[in-house]
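The values are calculated or read from the model by the stated rules, or taken from the named source; none is laboratory data. None of the values given here were measured: they were computed from a predicted structure. Cβ placement follows ideal geometry from the backbone for every residue including glycine, while neighbour counts extend to all protein chains displayed. Accessible surface is based on the protein model in full, side chains and every heavy atom, while ligands, DNA and RNA are left aside. Shrake-Rupley method; radii C 1.70, N 1.55, O 1.52, S 1.80 Å.
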Amino acid sequence: MKNICVLVSGGGTNLQALIDAQNRGEIKGGKISCVISSKEGAYALERAAKAGIPSVVIARKDYSDSKTYSEAILAELNKQKADLVVLAGFMTILDKCVTEAYSYKIINVHPALIPSFCGEGFYGLKVHEKALEYGVKVSGATIHFVNEEADAGAIILQGAVDVANNDTPETLQRKIMENVEWKLLPKAVSLFCEDRITIKDGKAFVDL
């Protein structure tokens, strides 16, 4: 049984999707063993407590730079014996000391179809604002492995939704979360825990 550590910063809607999937028996071969928050008082911590999942706060504000913060995160992941790390609305870019130690063991959700609307500065509603500004007819979310470059790791799963003429950044965000993120993130986690993802030439091949 693989240990899954989920890193959060805010409300924890993707964490809740993982907890719900776990309760339904949809995550095979692994369990959420710990939630780590970059902020005290994040609602995600309440979600973890309600589900009986241990949590730890490693506050970003307590560290002077990304490297020392990442080292603290790395130490906690090692302590927790993490097999898989899931970034679920985690708002800090981790230093390569973490991405190298957990190469192809960190999964992130990006709310667009990579390589569109991704990279540094593309997060939260900004992604959907740009997609609507561009006039895309479909958008979606990408579940991918994390490396030292923002949103540049191997793609595991992608899903799309149609963009309506009257969509706002808020309605598009909600549509993508409900129809793609909350479904594909637990699926990708289960695939990882079942050893059904193979890496070849930097690409992820999934045994569906």
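Accessible surface ranking for 168, 142, 1.4 angstrom probe, highest first: 168, 142. Value of Rg to Rh for the stretch 1-73, rounded to two decimals, is 1.01; Kirkwood radius and Rg both from alpha-carbon coordinates. Specify the angular offset, from 0 to 90 degrees and rounded to the nearest 10, of the alpha carbon long axis of helix 125-134 from the longest principal axis of the alpha carbons in the chain. The answer is roughly 20 degrees.
When a 1.4 Å probe is rolled over the protein heavy atoms, the share of accessible surface on the stretch 5-59 that falls to carbon and sulfur comes to 48 percent.
Pairs from the list 50/96; 61/126; 39/203 with a Cα-Cα gap above 30 Å: 50/96; 39/203.
Amide H contacts of residue 157 (H built 1.01 Å from N, in plane; Pro and chain starts excluded): 143 sit under 5 Å, all sequence-distant by 5 or more or on other chains. Taking Cα atoms only, the orientation of helix 66-79 departs from the longest principal axis of the chain by about 60 degrees. Spin-label model, residue 101 to residue 75: label points 7 Å out along the Cα-to-beta-carbon direction sit 1.0 nm apart.
At 1.4 Å probe size, with the rest of the protein present, what percent of the exposed accessible area of the stretch 67-201 is carbon and sulfur atoms? Its accessible area is 49 percent carbon and sulfur atoms. Take the stretch 1-123 with all the other protein chains still there, run a 1.4 Å probe, and you get 46 Å² of accessible area per residue.
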